[in-house]
């Protein structure tokens with residue numbers, strides 16, 4: 001069977017990166033939160049609620065979209081995802097004056113479509129690059145990491161800084177977002193192609209551990225490794241999910257109004273670290289192994305929590321802590337698809353990784369609620385600083401737990417019935 005040209009593989013990396021940049025607007029939600037509070041008087045728990053449901057539904061969409069993609073291919077699934085994202089933003093224009101309206105439009109409908117569009121480029125790249133999964137998936141999901149550098153300044157500019165205009169600028173922002181989703185995501189989806197069944201790069205021989213070539217979701221769920229990976233994904237992303245979700249309020253509360261940079265630019269810088277972390281940790285894992293890379297990511301998370309965010313006293317300290325947290329967080333989005341393909345094969349990687357990806361969504365649903373409730377109580381008690389210290393101490397403990405789990409992780413025991421042909 002003839003192999004596709006190398007430039008064909010490269011094209012899929014570019015398409016995947018662009019898709020990830022557009023689809024992961026979720027990392028810029030914190031820019032909406034202060035204007036929504038100013039306009040409607042919502043609490044922190046209320047302004048984070050739409051984003052929590054977005055993360056949960058992205059995970060649900062990734063499961064459904066991944067399984068669907070394994071049967072129908074990435075183009076259709078990503079196109080439907082772009083249409084749902086646009087629909088969710090349009091509904092937010094008309095019903096975004098209530099928390100439940102934003103939850104249904106932006107969170108549930110848009111998030112579900114986002115899961116469709118998110119999982120397709122990752123699963124497609126795993127099939128095109130079995131020889132360097134960590135690096136290539138890291139390069140692709142780097143797009144989602146740096147998406148806040150694209151979205152945050154746009155959202156901030158569209159909303160503006162005049163509270164008297166928020167009633168019109170916030171709906172206008174959702175309208176622009178809907179147009180971008182519809183044009184960019186549906187358009188990029190038409191460029192997807194899948195390799196022929198059984199294709200592999202010229203001169204490449206799969207390593208011995210890649211024997212689960214066609215493990216189904218049911219077979220994967222019968223291994224203990226899946227559940228350990230799920231818990232690692234769930235706990236490991238808790239630091240970054242929490243930091244990213246509260247980035248804008250945290251910067252403004254700690255640093256005050258005299259900021260050396262706009263909040264949108266600061267969040268964009270954090271996004272760069274998020275994106276670079278995906279490429280860096282993915283590349284490192286190809287060289288030193290996934291397990292040792294997990295240990296390194298956990299160490300950076302602990303440093304972010306205990307060294308900067310727990311003792312944050314100014315703008316640059318907060319930004320440094322957020323950037324470190326985002327840098328470590330990005331690695332999980334690069335490593336977990338590679339773990340999934342290596343442990344359970346790439347034939348059903350869309351659905352299998354979708355199931356593993358549910359850990360990210362459930363983490364994003366529960367941890368922001370817990371953290372914002374904790375901070376609301378600390379604010380009511382008049383000691384917000386203590387609330388931040390307690391929160392990031394707890395997150396540091398979870399990062400240490402991830403490192404402990406990673407030490408015991410190993411590939412599944414070979415079973416004859418799971419071997420690929």
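Just so it is clear, none of the values below were taken in a lab; they were calculated from the coordinates. It should be emphasised that the depicted structure is a prediction, and the values quoted were computed from it without experimental measurement. Neighbour counts are summed over all protein chains in view; Cβ atoms, including those assigned to glycine, are modelled from backbone coordinates with ideal geometry.
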Summing -39500 (n - 2.57) over every DSSP H run of at least 4 residues in the chain and dividing by its residue count gives a helix-only mean residue ellipticity at 222 nm, to the nearest 500 deg cm²/dmol, of -24000 deg cm²/dmol
Taking the Cα centre of each part, how many Å lie between the range 119-184 and the range 1-73? 7
Report the FRET efficiency, 1/(1 + (r/R0)^6), for residue 225 and residue 11, where r is their Cβ-Cβ distance and R0 is 30 Å, rounded to 0.05. 0.35
Let a ≥ b ≥ c be the square roots of the eigenvalues of the Cα gyration tensor of the range 271-385; is it rounded (a/c under 1.5), or, if not, prolate (a/b larger than b/c) or oblate? oblate
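How much length is gained on full extension from residue 157 to residue 43, taking 0.36 nm per residue of separation minus their Cα-Cα distance?
Values: separation 114, 0.36 × 114 = 41.04 nm, distance 2.33 nm.
Answer, rounded to one decimal: 38.7 nm.
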Separation of the residue 377 and residue 316 label points, Cα + 7 Å toward Cβ, nm: 3.6
Take the alpha carbon atoms of the range 215-283, find their center, do the same for the range 372-388, and report the distance between the two centers in whole angstrom. 22
Exposure proxy ranking, count of Cβ atoms within 10 Å, fewest first, for 125, 250: 250, 125
How far is it, in nm, from the label point at residue 299 to the one at residue 194 when both lie 7 Å from their Cα along the line to the Cβ? 4.1
Mind putting together the pair-distance distribution for the range 223-316? All Cα pairs, 5 Å bins, whole percent per bin, short to long. 2, 11, 18, 23, 18, 12, 8, 5, 2, 1, 0
Compute a Gaussian network model of the chain, connecting alpha carbons closer than 10 Å, and tell me which residue from 242, 24, 169 fluctuates the most. 169
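So how much slack lies between residue 385 and residue 400, counting 0.36 nm per residue of separation and subtracting their Cα-Cα distance, in nm?
Numbers: separation 15, 0.36 × 15 = 5.40 nm, distance 2.30 nm.
Residue separation times 0.36 nm, minus the Cα-Cα distance, leaves 3.1 nm.
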Each label sits 7 Å from Cα toward the beta-carbon; between residue 262 and residue 408 the label points are separated, in nm, by 4.9
Structure-derived Cα Rg over 2.2 N^0.38 Å - corresponding label in (i) 0.94; (ii) 1.47; (iii) 1.01: (i)
Label the range 52-106 by shape, choosing from rounded, prolate and oblate, from the square roots a ≥ b ≥ c of the eigenvalues of the Cα gyration tensor; if a/c is under 1.5 it is rounded, and otherwise prolate applies when a/b is larger than b/c, oblate when it is not. oblate
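Once R0 is set to 51 Å, what does the formula 1/(1 + (r/R0)^6) return for the Cβ-Cβ distance between residue 98 and residue 71, expressed as a FRET efficiency to the nearest 0.05? Intermediate results must be reported in sequence, preceding the final value.
On the way: r = 38 Å, r/R0 = 0.74.
It comes to 0.85.
When a/c is below 1.5 the answer is rounded, else prolate if a/b is larger than b/c, else oblate, so apply that to the range 71-194 with a ≥ b ≥ c taken from the square roots of the Cα gyration tensor eigenvalues.
It comes out prolate by the Cα gyration axes.
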Peptide ranges 110-121, 47-58, 363-374, 316-327 listed from the most packed, as the mean C-beta count within 10 angstrom indicates: 110-121, 47-58, 316-327, 363-374
